[in-house]
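What follows is a short report on a single structure.
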Amino acid sequence: MPDSLNISLTGMQAFQRAMQVTSHNIANANTPGYSRQVADFSARAGGGQGNTYLGGGVQVSTIRRIYDNLQADQLRSSMTGFARFDTLNNLSSRIDTLLADPDTGLNSGLQSFFNSVQDVATDPSSISARQAMIGEANGIVGRFQSMDARLDELDKEVNARLDLAVDDINRIAISIADLNGKIALANNATTPPNDLLDARDALVLELSGQVNVSTNIQEDGNMSVFIGSGQPLVTAGNARLLVASGSEFDLTRTTVSYQGAVGNTPLDVSSTGGNLGGLLEYRSRILDPTRQSLGQTAIAFATSLNRQNSAGMDLRNNLGGDLFSISEPGILYSNTNTGTGTASATVTDLGALTGADYVLEYDGAAYSLSRADTGEAIALAGTGSAGDPFRADGISFSVAGLPAAGDRLLIRTGQDAAG
């Protein structure tokens with residue numbers, strides 16, 4: 001039966017708990033990710049006294065977080081977008097500086113070389129002008145090679161950053177799965193495990209800086225976490241991890257895949273977002289095209305000058321030779337090939353050359369060609385034999401050996417040329 005002393009006692013106990021919540025808030029005022037907590041009061045059940053029903057005082061019904069799911073989702077989305085653009089900006093600006101630098105860039109070197117060519121054309125018998133032209137030729141070769149080496153360093157840096165990003169994502173995923181288990185166990189209590197919820201939300205926010213994230217809270221308190229285009233990363237207490245490994249054609253080039261229930265699935269660059277998406281996008285849409293364009297420029301420059309110089313006469317009335325040596329397009333073989341098929345390629349038409357990489361695939365009966373960056377099918381002319389090589393987009397290539405069905409090879413027309 002309620003009485004005034006018991007009612008007073010419930011008030012003291014309820015406000016004592018509320019003061020503990022306030023003290024907890026003050027103590028964590030500077031704690032990253034902490035959400036302010038509030039004690040909610042409710043009336044205690046009373047009882048009858050004679051023909052009168054009297055209340056039983058007050059109690060703390062629950063302690064809730066001041067937390068807005070909509071704002072949290074917007075913050076995660078903003079974090080993902082910022083991390084992606086920040087990564088793209090930082091890495092792209094380094095390429096811009098490399099190419100546009102007036103001292104180390106390509107434009108000033110080409111201008112100096114062609115000025116020396118003009119000096120030789122003006123006075124063909126001048127030995128000093130010829131020596132100056134050869135010196136400028138060596139200088140422009142050095143610039144091509146130096147720029148290619150710097151781009152190769154950036155490629156290796158991207159590999160290292162991808163490894164770190166995958167490690168961070170996997171660490172966060174495992175931590176979220178662990179917290180899911182603890183939250184599910186504590187979720188039966190009257191008061192939700194607010195501090196555990198804060199810790200989990202902080203991890204999800206950190207994850208959003210690495211990759212695009214979406215979440216779904218289950219009835220038992222477990223959070224499902226999805227990344228990219230909807231691949232589940234965390235389900236209840238289970239974490240499905242990402243895998244960083246060598247690419248199909250080059251084991252030194254890191255690719256990122258999602259570890260699914262059946263095999264690994266490469267991440268979709270267009271939907272990955274965050275730092276990881278920025279790295280993948282930078283490599284596929286900025287770094288690789290830059291190396292290909294630089295290689296395409298080197299091929300056109302060297303081939304045109306070799307062709308022109310070979311049409312002229314030297315001081316001894318002999319036909320001229322090549323000024324520059326040029327490597328043929330590179331051929332890389334898939335690490336899944338089971339046959340012994342090989343290929344060799346040459347550049348035949350500078351005007352048609354795109355500088356892109358191509359995938360040549362054998363289906364057991366015939367070869368097909370596609371662009372490596374877009375997957376676009378490319379029509380092939382020729383039979384692929386030494387006497388009638390395949391021809392497409394300014395390159396020709398012959399095949400030999402005994403390929404097996406499903407064997408693939410990568411033809412790099414420009415990426416290695418500048419080096």
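Side notes on the structure shown:
- Of the listed requirements (1) closer than 27 Å to Arg291 by Cβ; (2) open to solvent by 30 Å² or more (accessible area, probe 1.4 Å); (3) modelled with pLDDT of 90 or more; (4) not hydrophobic (A, V, I, L, M, F, W, C), Tyr358 misses just one: (2).
- Set side by side, the residues Ala149, Ala177 differ, and just one is part of a helix (DSSP H, G or I), out of contact with any Pro (no Cβ under 7 Å at 6 or more places or on another chain) and closer than 20 Å to Pro289 by Cβ, which is Ala149.
- Residue match in the range 242-263 (condition: under 27 Å from the mean Cα position of the chain (by Cα), open to solvent by 20 Å² or more (accessible area, probe 1.4 Å) and of a type in the set (Lys, Arg)): yes
- Only one of the numbered conditions (1) free of Cβ contacts under 8 Å to residues at least 60 places away in the same chain; (2) more than 18 Å from Ser77 (Cα to Cα); (3) not hydroxyl-bearing (Ser, Thr, Tyr) is violated by Ile217, and that is (2).
- Unique residue being of a type in the set (D, E, K, R) and closer than 30 Å to Leu205 by Cβ when the list is Asp123, Asp119, Asp68: Asp68
- Just one of the listed residues (Ser128, Ser77, Ser92) is hydroxyl-bearing (Ser, Thr, Tyr), open to solvent by less than 70 Å² (accessible area, probe 1.4 Å) and outside any strand (DSSP E or B), namely Ser92.
- A Cβ distance below 7 Å, combined with a sequence gap of six or more or placement on separate chains, defines the contacts here; from the range 98-117, residues that are without any contact (Cβ under 8 Å) to a residue 24 or more places away in the chain reach residues that are open to solvent by 80 Å² or more (accessible area, probe 1.4 Å) in the pairs Ser108/Pro102.
- Here Arg391, Arg408 are screened, and the one residue that is at pLDDT 85 or above, of a type outside the set (Asp, Glu) and more than 23 Å from Thr303 (Cβ to Cβ) is Arg408.
- Residue within the range 190-206 that is polar (S, T, N, Q) and either under 23 Å from Glu281 (Cβ atoms) or assigned to a strand (DSSP E or B) (or both) present: no
- Some residue of the range 42-63 being over 30 Å from Val213 (Cα atoms), part of a strand (DSSP E or B), open to solvent by 70 Å² or more (accessible area, probe 1.4 Å) and at pLDDT 85 or above: yes
- Subset of the range 264-292 [modelled with pLDDT under 90, more than 10 Å from the chain's Cα centre (by Cα) and among the hydroxyl-bearing types (Ser, Thr, Tyr)]: Thr265, Ser271
- Tally, over the range 162-192, of residues that are open to solvent by 60 Å² or more (accessible area, probe 1.4 Å), closer than 15 Å to Glu206 by Cα and either of a type in the set (A, V, I, L, M, F, W, C) or more than 24 Å from the chain's Cα centre (by Cα) (or both): 2
- Of all residues in the range 295-325 being small (Gly, Ala, Ser) and in contact (Cβ under 8 Å) with a residue 40 or more places away in the chain, the one that is farthest from Ala417 (Cα to Cα): Ser304
The values are calculated or read from the model by the stated rules, or taken from the named source; none is laboratory data. In this text the structure is predicted, and so the values were computed from the model without any measurement. Cβ atoms come from the backbone with ideal geometry, glycine included; neighbour counts cover every protein chain shown. All accessible areas refer to the heavy atoms of the entire protein, side chains included, with ligands and DNA or RNA removed. Shrake-Rupley method; radii C 1.70, N 1.55, O 1.52, S 1.80 Å.
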